[in-house]
């Protein structure tokens, strides 16, 4: 049974991914700082839950040791800080960079070490509109997501020739959730539909690997 590890799991996109991958025959491991919130999802999908702060080197190393050699690793965490640049708390800016980018590096490093030995694997990094266009009063998030995108592009060029697929998914728009319901006009991204895009990346033939895909609702302006 192939294994999949989703880091930064919760009740949104990562939950849709967990359900889909479980249906597709994957043994799913879910990682989050608070594993109590994952109990229902684990019961539904048969996934295992692992406590991990993705910004801590030792915790990420322990996570991969516990979860085993996953063929698919998804990095989903984000940390957003808003405000005028003159008012931003440097500690909060640093936290945004750590969660959005440094944690992704730690996860990708651990995944790559294992996947290169196996000669195969897929690393998927969840990005955002902020990774391709910086919005006003959102400098920390733009910095973190731009760094994440750069990491994905660099890793793709390094690891693709060695058999490991790396892809960055730009989520350009709001995601539908219980807290943010859709008005019936598909103006929000359906997390189940996004999950299908991730599955497409996982299954892409290596003769036509994509390193980046943008997904957006039909009403979203480019």
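The values are calculated or read from the model by the stated rules, or taken from the named source; none is laboratory data. Bear in mind that the values here come from a model prediction, so they are computed numbers and not experimental data. Glycine gets a Cβ as well: all are built from the backbone with ideal geometry, and neighbour counts include every protein chain shown.
Computed values, structure above
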quantity: Sole exception among (1) in contact with a helix residue (DSSP H, G or I) (Cβ under 7 Å, 6 or more places away or on another chain); (2) under 16 Å from residue 76 (Cα atoms); (3) in a helix (DSSP H, G or I) for residue 143, by number; calculated: (2)
quantity: The lone exception for residue 168 - which of (1) surrounded by 13 or more Cβ atoms within 10 Å (Cβ to Cβ); (2) more than 15 Å from the chain's Cα centre (by Cα); (3) closer than 21 Å to residue 110 by Cα it fails; calculated: (2)
quantity: All positions within segment 38-52 that are crowded, with 16+ Cβ neighbours inside 10 Å and assigned to a helix (DSSP H, G or I); calculated: 38, 41, 42, 45
quantity: Segment 10-32, residues that are modelled with pLDDT of 95 or more and part of a loop (DSSP other than H, G, I, E, B); calculated: 24, 25, 26
quantity: Residue in segment 56-78 that is surrounded by the fewest Cβ atoms within 10 Å (Cβ to Cβ), counting only those that are assigned to a loop (DSSP other than H, G, I, E, B) and modelled with pLDDT of 95 or more; calculated: 56
quantity: Count - residues of segment 135-161 that are more than 23 Å from residue 103 (Cβ to Cβ) and touching a residue at least 40 places away in the same chain (Cβ under 8 Å); calculated: 1
quantity: Residue list for segment 188-206, restricted to those being outside any helix (DSSP H, G or I) and touching a strand residue (DSSP E or B) at 6+ places or on another chain (Cβ under 6 Å); calculated: 189
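Residues checked against (1) in contact (Cβ under 8 Å) with a residue 24 or more places away in the chain; (2) in contact with a strand residue (DSSP E or B) (Cβ under 8 Å, 6 or more places away or on another chain); (3) not in a strand (DSSP E or B):
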{"residue": "54", "(1), (2), (3)": "yes, yes, yes"}
{"residue": "80", "(1), (2), (3)": "yes, no, yes"}
{"residue": "87", "(1), (2), (3)": "no, no, yes"}
{"residue": "98", "(1), (2), (3)": "yes, no, yes"}
{"residue": "103", "(1), (2), (3)": "yes, yes, yes"}
{"residue": "112", "(1), (2), (3)": "yes, yes, yes"}
{"residue": "115", "(1), (2), (3)": "yes, yes, yes"}
{"residue": "124", "(1), (2), (3)": "yes, yes, no"}
